[in-house]
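Every read-out reported here was derived from the displayed coordinates using simple, explicitly stated rules and does not represent laboratory data. Only a predicted model underlies this, so the values are computations on that prediction, with no experimental measurement involved. Note that we place each Cβ from the backbone using ideal geometry, even for glycine, and neighbour counts take in every protein chain shown.
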Amino acid sequence: FFTGCGDNKGDSNQASASNESAKQTYTLKFSHVVSPNTPKGKAADYFEKRLEELTDGQIDVQVYPSSQLYKDNAVLKALKLDSVQMAAPSFSKFGKIVPQLALFDLPFLFKDIDHLHRVQDGEVGQALKDMVTAKGYKALSFWDNHFKQFSSSVKPVLMPEDAEGQKFRIMSSKVLEAQFKAVGANPQMMPFSEVYSGLQQGVIDAAENPISNIYTKKFHEVQKYLTISNHGYLGYLVVMSEKFWNSLTPDLQTKVQQAMNEATEKEREYAEALNKEQFNLIKEYAEKTGKLEIFELNQEQREAWKNAVSKIYPEFYDKDVIGKDLINKTLATE
Ligand code: LMR
């Protein structure tokens, strides 16, 4: 069923050899792993609508949410083969291609979302996009989710010691592995699509995700404790198949950029709004069912976490993993 994009006439010899004035049409499949009602999901749908409008239907965008088309580990390979044309994997998922994107996984690196945006919109963001381009992808835009929160079914995660011995699901990221090892926890890599059943069946005890992912995948219903920790960030790089990008006329490329710029602006708004809204819904669930307790790190607990996990930064000073230069430039970004 999902057999790639043989219907894209943009790069077929037959179409380019003909003198027909009829416009070539393109199918752009956009694969992602989260629910439609998330910042990424809504922005992908917005991009679909906008690009179809701008191109008068010449590019037909088809969004596949919830890992329907590809799981997180497979999508970058599929993009390379042009079996799918667009994706927005979280930074951690680029580990095999551009490990330096794990910069964004470093805990307590960003003061707030504005600081993060200044880093993404500046020299560091550009350097990272260039690395992705050099690997044969069209790097389009950074998209937000939000800061991550701890959840557990064993005990509330308040001090670093509370994490000791707990099995935490992590994305495939060396930084996240180091973060949990630093506090004596047991990190387990697992694709996003398996987290709910992993938590439900007790294969893993605990996890970290932004509220929007927790709420839309119902992780809070299979955890007993949620801690508003904001200890690290989760966001995305939107990437396109290079082959697909190169098959577009300059005019269509401009339209893709325009739809992407507009979608990115919206995405940042969705991220703020949904993470707030869905936190309220989780609070309502907790009050109604009594099955979930919600905590928030106080200043002392936050400092304790910061001290315990910031120790890992030097492990990533080598430029083949992240690089001291990128880390320091991020810290120094005003
Ligand atoms: C995760 O695996 O937890 C996230 O990357 C999912 C996503 O795309 O937000």
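Quick check: from the Cα gyration tensor, does region 170-231 come out rounded (a/c under 1.5), prolate or oblate? In terms of gyration-tensor shape, prolate. Taking the charge dipole of region 53-116 about its Cα centre, with +1 at Lys and Arg Cβ atoms and -1 at Asp and Glu Cβ atoms, the residue from THR55, ALA87, VAL75 reaching farthest to the positive side is VAL75. Restricting attention to region 117-237, lysine pairs at least eight places apart or on different chains and with alpha-carbon atoms under 18 angstrom apart total 12. Available extension along the chain between ASP60 and GLU315 is 87.3 nm, counting 0.36 nm per residue and deducting the alpha carbon span. For the chain, the dipole from Cβ point charges (+1 on Lys and Arg, -1 on Asp and Glu) about the Cα centre works out to 660 debye, to the nearest 20. Restricting the trypsin sites (Lys or Arg not before Pro) of region 48-102 to loop positions (DSSP other than H, G, I, E, B) with no more than 11 neighbouring Cβ atoms within 10 Å leaves LYS96. Taking a ≥ b ≥ c as the square roots of the eigenvalues of the alpha carbon gyration tensor, region 178-334 is oblate, as a/c is not under 1.5 and a/b does not beat b/c.
Please state, as a whole number in µm²/s, the translational diffusion coefficient that the Stokes-Einstein equation yields for region 69-210 at 37 °C and 0.692 mPa s, with Rh defined as the Kirkwood radius across alpha carbon pairs. After rounding, the answer is 201 µm²/s.
Semi-axis lengths, largest first, of the ellipsoid equivalent to the chain are 36, 22, 17 Å, with √(5λ) applied to each eigenvalue of the Cα gyration tensor.
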